[in-house]
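Comments concern the structure below.
The values are calculated or read from the model by the stated rules, or taken from the named source; none is laboratory data. Predicted model only: the values in this text are computed from it and were never measured. FYI the Cβ positions are ideal-geometry reconstructions off the backbone, even for glycines, and counts take in every protein chain you see. Calculation scope for accessible area: heavy atoms of the full protein, side chains included, ligands and nucleic acids excluded. Shrake-Rupley method; radii C 1.70, N 1.55, O 1.52, S 1.80 Å.
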Amino acid sequence: MNINFEAAIQYINLGNYEAAEKHLNKAIDEEKEKHNESAVAEYRCVLAEFLVNLGRKQEARGLFDK
């Protein structure tokens, strides 16, 4: 599992949503570089769900579409 993804989960649990979003995006970028498409899809879904919970549905929709 990606260390940035794990950090993002911890930040979500702590209520630090800005840091969580930053780490989720880093995790996605790192997995893209490794061509690990299954992890990219998983992390995008987590990010999208996170954004929905923050009321940012338009941004989330774009991630779900990918």
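Descriptive notes on the structure:
- Residues of segment 54-66 that are in a helix (DSSP H, G or I) and of a type in the set (Gly, Ala, Ser): Ala60, Gly62.
- Residue satisfying all of: in segment 22-53; open to solvent by 70 Å² or more (accessible area, probe 1.4 Å) and in a loop (DSSP other than H, G, I, E, B); nearest to Gln10 (Cα to Cα) among these: Lys34
- Single match in Asn16, Asn4, Asn25 (criterion: modelled with pLDDT of 95 or more and over 12 Å from the mean Cα position of the chain (by Cα)): Asn16
- For segment 11-21, a residue qualifies if it is surrounded by 13 or more Cβ atoms within 10 Å (Cβ to Cβ) and part of a helix (DSSP H, G or I), and the qualifying residues are Tyr11, Ile12, Tyr17, Ala19, Ala20, Glu21.
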